[in-house]
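One structure below.
Just so it is clear, none of the values below were taken in a lab; they were calculated from the coordinates. Not measured: the values here are computed from a predicted model. Reconstructed Cβ throughout: ideal geometry from the backbone, glycine too, with neighbour counts over all protein chains shown.
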Amino acid sequence: MRHLIPEFERMKERFPEGFDSSLVLPCLHRIQADRGYVAEEDIVGLCEYLSVPRIQVEEVLSYYTMLRREGIGKTHLQVCRNIACSMRGAEGVIEHACKRLGVKPGETTADGKFTLSTVECLGSCGTAPVLMVNDAYHENMTLEKLDALIADLSAGGGNS
Amino acid sequence: MPAADGMVVFTASDKVKARRKATMEFITLNHPVDCGICDKAGECTLQDYHFEYNGGASVSRDAKTHATKHFDLSDRIVLDNERCIQCTRCVRFTREISKSNGLGMLDRGDHSIVRPSADGSFAKDAYSDNVIDLCPVGALLAKDFLHKARVWYLKATPSVCPGCERGCGVNLWHRKDEWMLRSPRQAARNDGLDRVTPIENPAVNGPWVCNKARDLPKLLGRVRAAGALFKGAPAPLEAAVLEARALIAEAKRPVAVVSSWASNEELAAFKAALGGRLALVAKRDHEPQPGEVVQDDLLIRADKNPNAAGVRAVLGECGTEVPKDADLVLVWGEGFDFRAVPASAKIVFLNAFLAPENGHADVFLPVSIQTERSGHYTNFAGVTSRFERCFALPPGVLHAEDLFGSLVGNGRGA
């Protein structure tokens, strides 16, 4: 994380003095975007940089499920399993994704291309069921659309 | 709505009672209600409030969530996450009082659990055991006291921690007379301390004590010196007292090495009987042990003796080294290096615990410990605190306070 410190310094300017511990969350987001996950050395370095006790960083990491302690596959499929999506067929989408990719939710394919996760509400109930491919929403998901999406991504397609 | 002059607040209306009952239902939703095997039962605020405000069985039809039981929070404390009601008092203690930042609340919702920081700071927190008292339920329990006794079998005797010159107020918990253990295997525990808790005293320790106070049962529970000795050979107590008296009477340059674990009463008795006769040397009975916190900003003081200030107040400034020409040295208490005694000098030794040095003295006399007498200590700031007796004097042991009068006089005759 050391190479990110110039960026953190610029973030610091937006916070009142004495509120360095408020930077834990944005710094962790930036670290994860950089490395793909938050490593042990990032935690130690961030505690030292912000002068916050280690437990505060651990609390933030465990509270927010989108922060990861381990690396994932190249493409992250996150399927909503909250009530609106479930009622509109999310369970079938999850089951189909598992079958197509040969993994269970929370696992990564052997070739490291895909990680499948189930998540709580993505805030798009009007277009349920929803899944995210990395940072992009794919709405009104059907099994056919999912097949096409996985085929496209496997062939090296982008986040479209 | 903030409180204001003339406002009338109903705290026991039917509506308020119903809300309280509902709140108790919510707090106990996932609590295991295993009071029958919980050490906190009898002094648990959740139990008390449930009795006062709810009293009914759970109305929930859902299964209780499960969490870790018997989690090793440190080598001193065991955590039961199912009993925890997530009040976070323990977390706040490590942030605001002990400042170790050793505990935190991980995860969220009904998965929330108290956990120690991965950097191990909680295990190093010299005040960690205060979270056991702070815990309103039986989630945080002392390993040393685990399943040792129901709290209503015990009584608390007010005392003073002798662990350092702070002199924190403590309650020493030991078995009530009507709940003495009868089996021979367990009877030894009747004369021992079961646990130590702080007594709130704003002038000395506030509401806290350090872990050293919690370990007093071990410190004071060490094997005792059982009887008087002449050069290591068992001797009758009366004969030993007479012999000590004769040695003092015959000495030309007698020296007393005074204990800083002695009470003000003992020091006064010593001064009245022997103060004019012997040259005085003050002794630190206990020094900081390896790994022990020597001094900090909260309570812990560097002088690990409770009454160094009392020694100065009662006896004035004493010497620090035994004079080379001493021909008799009366050593009172632990922590003395006997190599400091001139080779030809006689030794009279007063000690409470079994130690190799006991057998080297010309006369050895076993004396009482703090829990067998009452008295006062004066702390570094000049505050004098009283400690009460917990146990009877064991047979064959003397109170130093009574002994000093018997050491005045001539010869070996009565």
To the nearest 20 debye, chain B has a Cα-centred charge dipole, built from +1 on Lys and Arg Cβ and -1 on Asp and Glu Cβ, of 460 debye
Positive-end extreme of charge dipole, the protein assembly as shown - chosen from A:L143, B:P323, B:H360 (charges on Cβ): B:H360
Starting from the 7 Å offset along Cα-to-Cβ, what nm value, one decimal, do you get for the label separation of A:R69 and B:T65? 1.8 nm
If contacts are Cα pairs under 8 angstrom and at least 6 residues apart, what is the relative contact order of chain A in percent? 18 percent
Any chance you could check the Cα centroid distance between the stretch B:1-32 and the stretch B:343-414 for me, in angstrom? 57 Å
Given points 7 Å out from each Cα along the Cα-Cβ axis, report the B:H147 to B:V408 separation in nanometres with one decimal. 5.6 nm
Find which of B:A142, A:L67, B:V294 sits farthest along the positive direction of the dipole of the protein assembly as shown, computed with +1 on the beta-carbon of Lys and Arg, -1 on that of Asp and Glu, about the Cα centre. B:A142
How much of the calculated P(r) for the protein assembly as shown lies past 32 Å, in percent of all Cα pairs? 63 percent
Percent antiparallel among DSSP beta bridges confined to the protein assembly as shown, nearest 5, equals 60 percent
Here FRET efficiency (C-beta to C-beta, B:R277 to B:K231, R₀ 25 Å, nearest 0.05) is 0.60
What number, rounded to the nearest 500 deg cm²/dmol, is the helix-based mean residue ellipticity at 222 nm of the protein assembly as shown, given -39500 (n - 2.57) per DSSP H run of at least four residues and division by all its residues? -7500 deg cm²/dmol
Eight or more residues apart or on different chains, and alpha-carbon atoms under 18 Å: count the Lys pairs in the stretch B:229-406 matching that. 7
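One quarter of the convex hull surface, Cα atoms only: what value does that give for the stretch A:75-155 in nm²?
4.5 nm²
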A chain fully extended from B:L181 to B:V223 at 0.36 nm per residue, minus the present Cα-Cα distance, gains in nm 13.1 nm
Please report the relative contact order for the stretch A:2-63, taking Cα pairs under 8 Å with a sequence separation of at least 6, and give it as a percent rounded to a whole number. 31 percent
Taking a label point 7 Å from the Cα of B:A313 along Cα-to-Cβ, the residues of the stretch B:252-276 whose backbone nitrogen sits under 16 Å from it are B:260-271
Kindly state, to the nearest 0.05, the FRET efficiency for B:T384 paired with B:L134, given R0 = 25 Å and r defined as their beta-carbon distance. 0.30
Might you report the magnitude of the Cβ-based charge dipole of the protein assembly as shown about its Cα centre, with Lys and Arg at +1 and Asp and Glu at -1, to the nearest 20 debye? 1060 debye
All lysines inside 30 Å of B:K40 as judged from Cα atoms, apart from same-chain residues fewer than 8 positions distant: B:K17, B:K21, B:K64, B:K69, B:K99, B:K124, B:K143, B:K148, B:K155, B:K176, B:K212, B:K218
Average beta carbon contacts from partner chains per residue of A:51-58, 10 Å cutoff: 6
Report the label-to-label distance for B:E96 and A:S154 in nanometres (one decimal), using points 7 Å from each Cα along the Cα→Cβ vector. 5.8 nm
Check: the stretch A:2-63 dipole with +1 on Lys, Arg Cβ and -1 on Asp, Glu Cβ, in debye: 160 debye
